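This report refers to the structure that appears directly beneath it.
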């Protein structure tokens with residue numbers, strides 16, 4: 001499945017681009033060297049990829065995160081490092097605020113000759129599947145990004161290396177590799193627009209009845225070709241991709257709302273409560289009711305401890 005290929009341009013003599021948004025990630029502000037500001041636009045809400053690596057922090061807000069074959073919910077202080085050409089998308093729910101840093105450090109780049117090449121290579125290899133970091137790392141990284149926003153070009157390069165060191169040294173138990181397989185977007189001008197439209201349709205309409213037949217029709221491909229390409233480039237079948245999107249959304253509703261489990265099942269796109277319960281248990285190794293009960297117990301324990 002081809003994806004929207006974003007063309008990122010850096011300022012002269014820079015290997016990075018720092019952006020900030022307040023409200024939604026479609027309306028961005030470019031934070032340029034020396035404290036200059038400029039309006040910018042982004043495609044973070046569409047299934048896309050780019051050659052540059054990307055580091056994103058959501059200070060506020062929530063929604064759905066898609067990285068390679070990973071589908072999951074995100075909330076405030078979501079912090080992710082993405083490798084080159086790894087397809088991704090953030091579907092926001094309401095207001096969000098955050099930062100995104102995009103950078104390009106190929107093996108021949110001068111900054112990689114200053115030292116730490118082995119550590120950098122190890123970090124970048126893991127980032128090929130996406131790395132999620134805990135809030136403590138996100139807060140420390142935010143300090144560096146805020147300094148970078150007002151720094152000179154030379155200082156920004158140094159802060160980039162400092163950020164990479166912070167991410168590399170983050171305790172392994174505080175990081176999560178997101179995509180189960182290495183998914184690389186392949187640019188195919190002939191099929192990209194059609195397939196990107198199908199993926200976006202899924203991301204925006206997964207709570208509605210979606211069928212493989214309709215997806216094939218939208219792609220204007222044969223059923224066999226569509227299924228093969230979808231599996232190759234997402235690591236999942238079309239049905240599995242839709243189901244995981246629904247389950248991740250349901251998980252978010254279970255932990256962030258007081259809706260009943262039956263209401264959540266249908267709101268997430270499942271046609272029956274029985275199918276929802278079975279799929280949820282298979283995915284998360286616990287029933288929806290068990291997840292909600294454990295959440296309530298943790299909240300009661302926290303309140304008791306605070307007193």
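We did not get these values from a lab; they are worked out from the coordinates using the rules stated. Bear in mind that the values here come from a model prediction, so they are computed numbers and not experimental data. We place every Cβ from the backbone using ideal geometry, glycine too, and count neighbours over all the protein chains shown.
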Descending principal axes extents, the range 192-296, alpha-carbon based, whole Å: 47, 21, 21
Per-pair calculated FRET efficiency, R0 = 51 Å: residue 140 and residue 231 via Cβ, rounded to 0.05: 0.85
Rg and Dmax of the range 4-177, Cα atoms only, in Å: 14.8, 43
Additional length obtainable on full extension of the chain from residue 9 to residue 180, 0.36 nm per residue less Cα span: 58.6 nm
Point-to-point label distance, residue 240-residue 217, nm (Cα→Cβ direction, 7 Å offset): 2.6
Difference of contour (0.36 nm per residue) and Cα-Cα distance, residue 60 to residue 278: 75.2 nm
Hull shadow area, averaged, the range 99-162 [alpha-carbon convex hull, nm²]: 4.8
Ordering of 209-217, 85-93 by burial proxy (mean other Cβ atoms within 10 Å per residue, highest first): 85-93, 209-217
Alpha carbon centroid spacing (whole Å) that separates the range 164-179 from the range 1-71: 20
For the range 117-258, fraction of C-alpha pairs farther apart than 26 Å, in %: 47
Computed over the range 1-100: relative contact order in percent, which uses C-alpha pairs under 8 Å that are six or more apart: 32
Centroid-to-centroid separation of the range 199-232 and the range 131-147 [C-alpha atoms, Å]: 36
